[in-house]
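The values are calculated or read from the model by the stated rules, or taken from the named source; none is laboratory data. Just so you know, these numbers come straight off a predicted model, no measurement behind them. Please note: Cβ atoms are built from the backbone with ideal geometry, for glycine as well, and neighbour counts cover all protein chains shown. Just so you know, the surface numbers come from the protein's heavy atoms only, side chains and all, with ligands and any DNA or RNA stripped out. Shrake-Rupley method; radii C 1.70, N 1.55, O 1.52, S 1.80 Å.
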Amino acid sequence: MVEQRIENDLTILEIMTYGCPVLKQKAEGITDIDEDVLSLAQNMLWTMYSAPGIGLAAPQVDRSIRLIVVDLSVGEKKADLFILINPEIVQREGSCVMEEGCLSVPEINEKVVRPERVVIKGTDLEGKERVIEAKDLLARVFCHETDHLNGTLFIDHLSPLKKDLIKKKLKKSSEDDRS
Ligand code: NI
């Protein structure tokens, strides 16, 4: 897929899928909130909304830097939007199981154990430190996206046997795409 340009220099970026090396890398910390970071954040938002998805991490658009966007309302409610630079989960509590998917692992949904409540710390686009307490689905999405920055996919949380089956399925579907 070629990048799709829309108005005002907004671009829908290509989403990297399972097998792309960038998804296995530990992403670099961001030291400067420059034009590049600001425009990447905007483009990631567009990309997430158009997918549609509720979270996206920079490595998923082939940028190995520590930036995530999360919006459970998919653009409906401004208060639901979080753009975080160098996010870090600083507290985890409880556990719950829920089915999870990922734009980088298409068509796979599996139950994953995650904390019920987390506290995440990061910086917003204005350079202000943000500390956010999140529960349930929001906590889950923060964990999932922060995982991406450490080269971890949700299927890495599954049993080796299950992961193996999924890998075979993903390999087969990418072969089918090529044929
Ligand atoms: Ni994901």
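Multiplying the residue separation of Val90 and Ser64 by 0.36 nm and subtracting their alpha-carbon distance yields 7.2 nm.
Taking 0.36 nm per residue of separation and subtracting the Cα-Cα distance, full extension of the segment from Arg117 to Glu28 would add 29.4 nm. Taking R0 as 35 Å, what FRET efficiency do you get between Lys78 and Ser159 from their Cβ-Cβ distance, rounded to the nearest 0.05? Efficiency computed from Cβ-Cβ geometry: 0.35.
For the chain, relative contact order (Cα pairs under 8 Å, six or more residues apart, normalised by length) works out to 20 percent.
For region 4-178, compute Rg over Rh where Rg is the Cα radius of gyration and Rh is the Kirkwood radius from the inverse mean 1/r over Cα pairs.
Numbers: Rg = 15.8 Å, Rh = 16.6 Å.
That ratio is 0.95, to two decimals.
Remark: region 1-80 carries a charge dipole of roughly 380 debye about the Cα centre, counting +1 on each Lys and Arg Cβ and -1 on each Asp and Glu Cβ.
State whether region 5-102 is rounded, prolate or oblate according to the following rule on the C-alpha gyration tensor (a ≥ b ≥ c being the square roots of its eigenvalues): a/c under 1.5 gives rounded; otherwise a/b larger than b/c gives prolate, and the remaining case gives oblate.
Judged from the Cα gyration tensor, region 5-102 comes out rounded (a/c under 1.5).
Would you compute, from DSSP H runs of 4+ residues alone, the mean residue ellipticity of the chain at 222 nm, taking -39500 (n - 2.57) per run and dividing by the full residue count, rounded to the nearest 500?
-9000 deg cm²/dmol
Taking H as built 1.01 Å from N, whose amide H comes closer than 5 Å to the amide H of Glu28, not counting residues under 5 places away? Under 5 Å from the amide H of Glu28: Ile65, Arg66. When a 1.4 Å probe is rolled over the protein heavy atoms, the share of accessible surface on the chain that falls to carbon and sulfur comes to 48 percent.
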